[in-house]
Structure formats: structure tokens, C-alpha cells
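Where a number appears in this text, it was derived from the coordinates with a stated rule and is not lab data. The model shown is predicted, which means the values in this text are computed figures rather than measured ones. Heads up, the Cβs are rebuilt from the backbone with ideal geometry, glycines too, and the neighbour counts pull from every protein chain shown.
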Amino acid sequence: MGTLAGKTALVTGASRGIGREVARRLAREGALVAIHYGGNEEAAKETVDLIERQGGRAFSLGAELGVPGDVETLYARFEAGLAGLGQGPEFDILVNNAAVSGSARISEVTPELFDRLFAINTRALFFLVQRGLKCLCDGGRVINISSAATRIAYPESIVYSMTKGALNTFTLALAKELGGRGITVNAVSPGFVETDMNASKRASPEAAAELAAWSVFGRLGQPADIADIVAFLASDASRWITGQCIDASGGSRF
Ligand code: NAP
């Protein structure tokens, strides 16, 4: 029996990268996992396949975030998926992982880029949680994937960093709001993790080495490094931790 046997989790952006690994890890602990994706249905199906091959349970649902009606579409598909498995709309763990990055210094930022990043990374996430709270069980978990760019100055992606700063503030306030229901709310802040998100930043071996050097361990993070921390926060073992932003950057730029 895993630590999450009998639990249901929704992981946004679980078709690739960190979200995929989080979904696999939660499924390995026994949770039924809803694999949300934006447009990449193939990759989401592959995540489901990987989970089923390791003996876990998962289903996928697509919903582009940051567009009108996004949250309603997501929950309609999530709840239809649960109903298909004979379950009601209640769930236990919400991992807010889907996000987009945007490399732009202040002089390069356009209003369009600013609005897009906040629409996906902050606004959609906020209303996704607001709606999710109707069905999230007491004693549940909200885990927000933030970024070490909220602690380490990163003017190369200034708006992206700001969207994650808002997420940290949200985490703190929401933890207090939901304490009475026994729901914990925490953020996890990765440094550079080897995913599609930063593939262009490590195009050459030199550039990759430069990113790896941010960590005291001298390597890039791997999605599993983050997934293990999320699995801990999702479990009962983390019940006395709430309102925290947990650095998951391998000691980057202390
Ligand atoms: P990734 O490999 O680029 O994957 C992004 C995921 O989010 C995909 O599943 C994608 O779905 C989904 N997504 C993106 N935009 C979406 C939209 N508009 N609507 C719905 N879904 C959308 O990203 P990652 O590196 O794993 O990042 C995961 C989380 O970690 C993000 O919150 C990111 O900010 C954070 N983070 C990452 C790093 C890093 O170095 N990688 C560092 C710090 C923080 P599709 O596959 O359908 O496109």
C-alpha cells in the first residue's frame, strides 16, 4: 500500500516535464491521477501509458489555460473522467504545475507577453483553485509549483518571475484560509530543471554547464528531484507544513 492509496489527484501540465514525473510519482504511491494537458494529447496519453505500465491508475484531460472558459472546461472534463470510473467529483490533491516561461528583460516585455504570462501562470491558476475548492476534500492538499526565480534575481525573465511571486503570496494567504478545513497549501520552487521549458537555454554544452553551476551539486535538476518533494507534500507525513515556499533548487545561488 502506497502513502496515497485511495486518494485522487489532479496534476495540471502533466503531459511533459516536471508534471509528468509528479503524476507518475503520485500514481506509484497509489493515487488515481488525472493528467491535465494544454494541447499535447499524445504526450498526455504517453504519461497515462507510463503510469498504467507501472501498475497505476490515470486518465487524461485536455484544457488550454489562459483562455475564456478554461476552468469550466477543465473541471467538466475532470469530473467526466472521474464519473467514467464510477467516482464522484471529490478529490484530495491539486498540483498546480502548468505554466509557461517567457524570456524577456524589462525593455523587451510587451503588454501581450505580460498579459499572457499572468493569464496562464497566475489568473488561470487562481480560478482553478477557487473552483477546485468546491470539491477538494477536507484534509486535502494544494501544491503550487513556483520557481527559485522568486528568491534569486532573474531579470532575464522578469514577468515570469513576477507571476511566480504572486503564486507564493497566494500560497501564504490560502494556507491560512484553508487551515480550518485541514487542507495544507505549499509551494515548491525549482531551480533549473532539465525539461522542454529551458531547452533553448542549454543548447550548447557550455550553456548547460553554466546552468548546472547554479546548484551547489553542480548539476541540473531532474523532474524526479521535484516529484519526490511534491509526493512528500501530498502525503500525510507533511501534515504540519503549510503556507511554505520550499526551495527545490539544489542549493542554487545561496
Ligand atoms: P514544460 O516541460 O514546458 O511543460 C509544461 C506543461 O504545462 C505541459 O504539460 C503543458 O501542456 C502545460 N501547459 C503549458 N501551457 C499551458 C496552457 N496554456 N494551458 C494548459 N496547459 C499548459 O514545463 P516544466 O519545465 O515541466 O515546468 C513545470 C512547472 O515547473 C512550471 O510551473 C514551471 O514554471 C516550473 N519551473 C520549471 C523550471 C525548469 O527549469 N524547468 C524551473 C522553475 C520552475 P502541453 O504539453 O499540452 O503543452
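Of everything in the stretch 90-104, what is more than 24 Å from Thr171 (Cβ to Cβ) and out of contact with any Lys or Arg (no Cβ under 8 Å at 6 or more places or on another chain)? Give them in sequence order. Talk me through it step by step, then tell me what you get.
Filtering the stretch 90-104 for residues more than 24 Å from Thr171 (Cβ to Cβ) gives 103-104.
Passing the criteria: only Ala104.
Across the stretch 196-231, the qualifying residues are those that are surrounded by fewer than 19 Cβ atoms within 10 Å (Cβ to Cβ) and within 14 Å of the chain's Cα centre (by Cα), and the one among them that is farthest from Val100 (Cα to Cα) is Asp228. Just so you know, in the stretch 186-213 the residues that are in contact (Cβ under 8 Å) with a residue 60 or more places away in the chain and assigned to a loop (DSSP other than H, G, I, E, B) include one that is farthest from the ligand (Cβ to nearest atom), and it is Gly191.
Just so you know, in the stretch 94-107 the residues that are over 27 Å from Ile229 (Cβ atoms) and touching a helix residue (DSSP H, G or I) at 6+ places or on another chain (Cβ under 9 Å) include one that is nearest to the ligand (Cβ to nearest atom), and it is Ala104. In the set Phe91, Phe78, only one residue is more than 16 Å from the ligand (Cβ to nearest atom) and either surrounded by 15 or more Cβ atoms within 10 Å (Cβ to Cβ) or more than 18 Å from the chain's Cα centre (by Cα) (or both); that residue is Phe91. Of Gly17, Gly62, Gly39, Gly13, all but one fail to be on the phi > 0 side of the Ramachandran plot and either more than 13 Å from the ligand (Cβ to nearest atom) or surrounded by fewer than 24 Cβ atoms within 10 Å (Cβ to Cβ) (or both); the exception is Gly17.
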